[in-house]
Amino acid sequence: MAEMVRVNTRISKTLNEWLDEQTEETGVSKSTQIMLALENYRREKEVMGRMGEMEKLLQKLQEFSGEKES
């Protein structure tokens, strides 16, 4: 498991109340929920960053397929 560090931040009262509700419903602490949300956000950003690369590969495949048909 990765080494953990403490991070302090401020959130809105509404978001805090929602996290409290989620904690009560799931039994998962607010800290863990926030950590999981940030991990998911990071993964999404990484995937979105690779979309440009995937688009280039798709264009090359389409060009290759067009060359084969000719």
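The values are calculated or read from the model by the stated rules, or taken from the named source; none is laboratory data. Note that the structure is a prediction, hence the values are computed from the model and not measured. Because the Cβ atoms are built from the backbone with ideal geometry, glycine has one as well, and the counts that use them run over all protein chains shown.
Among the numbered conditions (1) over 19 Å from the mean Cα position of the chain (by Cα); (2) outside any loop (DSSP other than H, G, I, E, B), the only one that E3 does not meet is (2).
In region 9-23, the residues that are of a type in the set (D, E) reach residues that are modelled with pLDDT of 95 or more and not in a loop (DSSP other than H, G, I, E, B) with C-beta atoms within less than 8 angstrom, at least six apart or across chains, in these pairs: D20/K30. Among the residues of region 22-44, those identified as among the charged types (D, E, K, R) and surrounded by 10 or more Cβ atoms within 10 Å (Cβ to Cβ) are K30, E39, R42, R43, E44. For region 1-20, a residue qualifies if it is at pLDDT below 95 and among the polar types (S, T, N, Q), and the qualifying residues are N8, T9.
Restricting to region 14-70, count the residues that are assigned to a helix (DSSP H, G or I) and closer than 22 Å to A2 by Cα. Spell out how you get there, then give the answer.
Here is the first cut: in region 14-70, the residues assigned to a helix (DSSP H, G or I) are 14-26, 30-69.
Next, only the ones that are closer than 22 Å to A2 by Cα stay: 30-47.
Looking only at that region, the number is 18.
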